[in-house]
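The values are calculated or read from the model by the stated rules, or taken from the named source; none is laboratory data. What you see is a predicted model; the values in this text were computed from it and never measured. Ideal geometry is used to build each Cβ from the backbone, glycine not excepted, and the neighbour counts take in all protein chains shown.
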Amino acid sequence: MELIKQEAEHGALDVPYLSKYILNMMTLLCAPVRDEAVQKLENITDPVWLLRGIFQVLGLMKMDMVNYTIQSLQPHLQEHSIQLERAKFQEQLNKQPSEYIGREERRRGGGGEGGS
């Protein structure tokens, strides 16, 4: 990074080379669905528009990664949430068993507290 900073400060930064390097890295790292977007960036010659395009595609790549991570963790998260819900319900049942027992009796139509 320091070298790039020094080159930019002295006007020696090879923007086309650096852009090509960044685009090649993006091609290697992106999902196949983003290949076309990266290829379109290769045709942009204006450095400002190229940087805008790179940041836009990088944002999409970041969202792809987030979605992939959530999708891959979903089974584990669901199992954990089920266990957590059961534990919380059991905790509430232990604190106030009459509330849940009366509610179950009313649901079945057996009367109970306040039922008819």
Item to check | Test: residue in the stretch 47-68 that is farther than 18 Å from Asn24 by Cα, at pLDDT 85 or above, exposed (fewer than 11 other Cβ atoms within 10 Å of the Cβ) and not hydrophobic (A, V, I, L, M, F, W, C) | outcome: no
Checklist entry - Would a scan of the stretch 22-39 turn up a residue that is farther than 23 Å from Tyr68 by Cβ and either free of Cβ contacts under 8 Å to residues at least 40 places away in the same chain or more than 28 Å from the chain's Cα centre (by Cα) (or both)? => result no
Checklist entry - Does the stretch 59-76 include one or more residues that are within 30 Å of Gln6 (Cα to Cα), hydrophobic (A, V, I, L, M, F, W, C), in a helix (DSSP H, G or I) and more than 21 Å from the chain's Cα centre (by Cα)? => result no
Item to check | Filter result (among the aliphatic types (A, V, I, L, M), part of a helix (DSSP H, G or I) and more than 21 Å from Met65 (Cα to Cα)) within the stretch 40-50 | outcome: Val48, Leu50
